[in-house]
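Asks: I have a structure I would like to understand better, so I am pasting it below and will then ask my questions one at a time.
The values are calculated or read from the model by the stated rules, or taken from the named source; none is laboratory data. Since the model is a prediction, treat every value here as computed from it, not as a measurement. All Cβ positions, even for glycine, are placed from backbone atoms using ideal geometry, and neighbour counts span all protein chains on display. The area values use the complete protein model at the heavy-atom level, side chains included, leaving out ligands, DNA and RNA. Shrake-Rupley method; radii C 1.70, N 1.55, O 1.52, S 1.80 Å.
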Amino acid sequence: MSGSTAHPRDLSRTDDRAAAPVTKSRSVPASIVTFLAHHPVWGGVAGCVALLTAGVTWDYSRGLPVDAQATFVGRQACVECHREESEAFRGSHHDLAMDHARPETVLGDFKDAILEHDGMTSRMFRDGERFMVHTEGPDGEMRDYEVAYVFGVHPLQQYMVEFDRPADATPNEIGRLQVLRISWDCEKNEWFYLRPPDVADKLQPDDPLHWTGTAQRWQTMCADCHSTNLNRNFDVAHNEYRTTFTEIDVSCESCHGPASLHLELASRKSLFWDRNHGYGLAKLKGDDPQPQLDACAACHSRRGVLDEAFLAGEPFCNNFHLELLREDTYHADGQIKDEVYVYGSFIQSKMYHKGIRCTDCHDPHSLNLKAEGNQVCTSCHQHAAGKYDVPSHHHHPVGTAGAQCVNCHMPHTTYMEVDARRDHSLRVPRPDLSVSIGTPNACSSCHVQDQWKNLPQAAQDKLEGAKYADWLLAAEENVDIANAIQESNRWCDEACEKWYGEDRKQPRHFAEALVALRSGNTNGVADALALSLRQDGVTPAIARATALDELALRGERRVVTAAKEILERPKEDPLLRATAARVVSVAEPNRSLTLLEPLLNDSSRLVRSQAAQAIVRSGGYQSLSGSRKDAVDAVLEGVKEEWMVASDRAGSHMGWAMLCEQRGRFGEAIQSYQTAIQLEPTTTGPRTNLAALLERLVEQQQQSRPAREVIEKLDAAGGGRALVEWASKLRQDELPLLGRDADLVPDNADVQYRYGLALYLSGDWKEARARLQRAAELAPEVQQFSMALRLLDERIDSSDKD
């Protein structure tokens, strides 16, 4: 990343890393010196030494209370002692992460500029001091919108509009912010329309991906990583935001934690820092690289949030849940596919396992690389002269792209149309794996272009000037393109074999087990089980957790035995242990409880959270009573806080509703489902779940006291008739939404399955069968889909005979 200085800042806007120890002279308190000089008894040397020792001991012992809490003070307080870091930080991507829209911060052309897209013409112009955009609004009408904030600085800048600002909001509060898809290309100095991935058609105003939809909402998607000490302050009852932050961008205390204690200690007349709090900041240096990595990973990762009050210095897995190597976000070998923001890639690398940290390559304040070109790598890889940065290693002419270390070991993928990001798994290219299992490789990322001339004309037209990622995507639907890529892979594999011969490194890779499992290979389950248990110090925990998770999703019962073995290893990575806890829910309830209850006191919040939820999902919760049930409930209160971090999203309330339903808390479940529907009326899921719950309560009212109590509260006179009618209405309202989703993602087996079930319940058996058959074809390994299809066929046959 480049540290652009397009917008010079006042030195009061200092660096993003205030934790560097303040170097200052420490002196004995004046009161002690005066006492020593004038006291008649302590005038001797021995007396002075004794009294000095007593004074030093007193000084050391007067530390801040153990429970002293630091508060945010702002970057201005850091400048005086950290001027060099402040200068480096000024103009960095962190410094320019977000700002108010002003002439000195807006990079785009607002001089009546025009951008045509999707049959519309949007116009960017000035209205006095205001920056305006004339474009389609949430009602489908073309309107003028004022740009309130700018977002980012390079390679693109985006623009945000404020909606629904509360009438009584204070100046430091922000209403709902929406990010325009009309964006400024800072390299080409031109406007472009930022489309969602794989969406070629015009977005409808009610689509969540429309610039006024939830997927383009600042508070939902962007805010916590672009501002310091962010508080969303979402009011569920009124569906409105009063968002605040202490600083608009990524400032010192984002990385070093709130600095009030540090300031207090730095200004105190003392020989020492603090015996309880050290420097009063997050300790990001030291021998252990993990605290620094965790501080960076808080934003540079694709993750769920457990606690939005995260402060630098805290363990990542106590605050976040890292996403595993999902097929839609990573390639099978862990290379980046969708936007995953570095950390999930880096922890796969040999560099991570060798203790390398972010600041070994990047300046922590300017964010620039610490050296230019290959020197970033050779500054550490100083092996025998000429071993790496020479043609005998990379086999490309010096000075060309192929001779650059990063192009082979950190290939890039372009996101947001113009933002090229490098894969931080720092891997050796493996065209041999590309040949055998179809994963990408850095060699073909360049040399696949050699195959372009051999493609049919239609494919050439489609891929002329296209990036490697576009080739890979097109190959999923075009056999000619797929064959061309495979030919490139074979050519690259043969070249590597010729170049390196017996010295070529081809160790076993976790991708081989994952591909075998995903493709239904006869050895897939056994290979994935072995992968999940592998302890070689090289196989990344995220890959082992992925294997464990996918085995459970496929209903493999042997996964419980593997999970048990992992849980018996307390030193395993928290991500892997949390996954093991989650998959144990597929076991029979008593066995689940035996494995999961001890984890309720685990040192990792992530493990505790997954264990408590697994106890509920396994069915074991209902058998608990007394202190055992209280222990689970105590952890689940924290789980509710996790869900409510995103209280502005329907999915959070639906997730909590499902846990409430499984615990027999039907009233709270109904309320949470209703909240989900209220917040995002066009979201699928909560109506279907609520309808099923209402129908089940009516069926169980004679046998279940909790069911009767809910029915009496909601339908005192009707004995459940109103609930049945309510459920029917919910299913009717949900059906077109499910149909919309099924048509939008025709290759998503789960969505096709859910739509098929809804059609069956509505009486449309013919279309239901087509959708269930599609689900079974897309995911033949999921028994639930094929079973549903078989049961429907039996029902149809029986109906025909009648």
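Asks: Would you tally the net charge around A167, using a Cβ to Cβ cut-off of less than 12 Å, leaving A167 out, and scoring K and R as +1, D and E as -1?
Replies: Taking every Cβ under 12 Å from that of A167, the sum is -2.
Asks: Give the span of the chain's Cα atoms along each principal axis, as three whole-Å numbers ordered largest to smallest.
Replies: Over the chain, Cα extents along the principal axes are 115, 74, 65 Å.
Asks: Right, next: For Cα pairs less than 8 Å apart in space and 6+ apart in sequence, what is the mean separation divided by the residue count of segment 141-263, i.e. the relative contact order in percent?
Replies: Rounded, it is 19 percent for segment 141-263.
Asks: In whole percent, how big is the carbon plus sulfur part of the accessible area of segment 302-342, probe 1.4 Å, protein atoms only?
Replies: 48 percent
Asks: Tell me the per residue accessible area of segment 103-223 using a 1.4 Å probe; a whole number in Å² is fine.
Replies: 46 Å²
Asks: Then there's this: More than 14 Å apart: what percent of Cα pairs in segment 729-785 qualify?
Replies: 47 percent
Asks: Percent of accessible area on segment 644-802 owned by carbon and sulfur, 1.4 Å probe?
Replies: Using a 1.4 Å probe with all protein chains present, segment 644-802 comes out at 50 percent carbon and sulfur.
Asks: Count charges around A259 for me, please; just the other residues with Cβ under 10 Å from its Cβ, Lys/Arg as +1, Asp/Glu as -1.
Replies: Neighbourhood net charge equals -1.
Asks: Just to confirm, what accessible area per residue do you get for segment 258-372 at 1.4 Å probe, in whole Å²?
Replies: 44 Å²
Asks: Still on this structure, I have one more. Considering only C-alpha atoms, what is the centroid distance from segment 368-447 to segment 314-366, in Å?
Replies: Between the Cα centres of segment 368-447 and segment 314-366 lies a distance of 17 Å.
Asks: Counting only the heavy atoms of the protein chains, how much of F785 is accessible to a 1.4 Å probe, in Å² to the nearest 10?
Replies: Rounded to the nearest 10, that gives 10 Å².
Asks: Heavy-atom accessible area of V435 with all protein chains present, probe 1.4 Å, nearest 10 Å²?
Replies: Surface accessible to solvent at V435 totals approximately 50 Å².
Asks: To continue, here is another question. Whole-Hz ³J(HN,Hα) for each residue in segment 100-114, computed from phi via Karplus 6.51 cos²θ - 1.76 cosθ + 1.60 with θ = phi - 60°, x for glycine and proline: what do you get?
Replies: Taking θ as phi minus 60°, the curve returns 5, 6, 9, x, 7, 10, 7, 9, x, 8, 10, 9, 6, 6, 10 Hz for segment 100-114.
Asks: Find the centroid of the Cα atoms in segment 597-674 and in segment 754-768, then give the distance between the two in whole Å.
Replies: What the calculation gives is 32 Å, centre to centre.
Asks: How high is the relative contact order of the chain? Use alpha-carbon pairs under 8 Å, at least six apart in sequence, and give a whole percent.
Replies: It rounds to 8 percent for the chain.
Asks: Mean residue ellipticity at 222 nm from the helices of the chain, using -39,500 (n - 2.57) per DSSP H segment of n ≥ 4 over the full residue count, to the nearest 500 deg cm²/dmol?
Replies: -13000 deg cm²/dmol
Asks: Keeping all protein chains in position, work out how much accessible area Y279 exposes to a 1.4 Å probe, and write it in Å² to the nearest 10.
Replies: Looks like 90 Å² after rounding.
Asks: Under 10 °C and 1.306 mPa s, how fast does segment 558-704 diffuse according to Stokes-Einstein, given a Kirkwood radius computed over C-alpha pairs? Answer in µm²/s, whole number.
Replies: Roughly 99 µm²/s, to the nearest whole number.
Asks: Let me ask something else. Give me the percent relative contact order of segment 347-504, please, defined on Cα pairs under 8 angstrom at least 6 residues apart.
Replies: 16 percent
Asks: How large, in percent, is the carbon and sulfur part of the accessible surface of segment 469-524 at a probe radius of 1.4 Å?
Replies: 45 percent
Asks: Give the percent of DSSP beta bridges with both residues in the chain that are antiparallel, rounded to the nearest 5.
Replies: That works out to approximately 100 percent antiparallel.
Asks: Work out, in µm²/s and without decimals, the Stokes-Einstein translational diffusion coefficient of segment 567-636 at 4 °C, 1.567 mPa s, Rh from Kirkwood over C-alpha pairs.
Replies: The calculation lands on 112 µm²/s.
Asks: Moving on. Points 7 angstrom from Cα along the Cβ direction at A50 and D800: gap in nanometres?
Replies: Rounded to a tenth, the inter-label distance reads 10.7 nm.
Asks: Further, regarding this structure: Too long at a 28 Å Cα-Cα cut-off: which of K354/K505; K188/K285; K354/K387?
Replies: K188/K285
Asks: Could you tell me what a quarter of the Cα convex hull surface of segment 467-557 works out to, in nm² with one decimal place?
Replies: Mean projected area for segment 467-557: 8.2 nm², to one decimal.
Asks: How would you classify segment 97-193 from its alpha-carbon gyration tensor, with a ≥ b ≥ c the square roots of the eigenvalues: rounded for a/c under 1.5, else prolate if a/b is greater than b/c, otherwise oblate?
Replies: oblate
Asks: May I ask you to give the solvent-accessible area per residue for segment 451-610, in square angstrom, as obtained with a 1.4 angstrom probe?
Replies: Counting only protein heavy atoms, the per-residue value for segment 451-610 is 50 Å².
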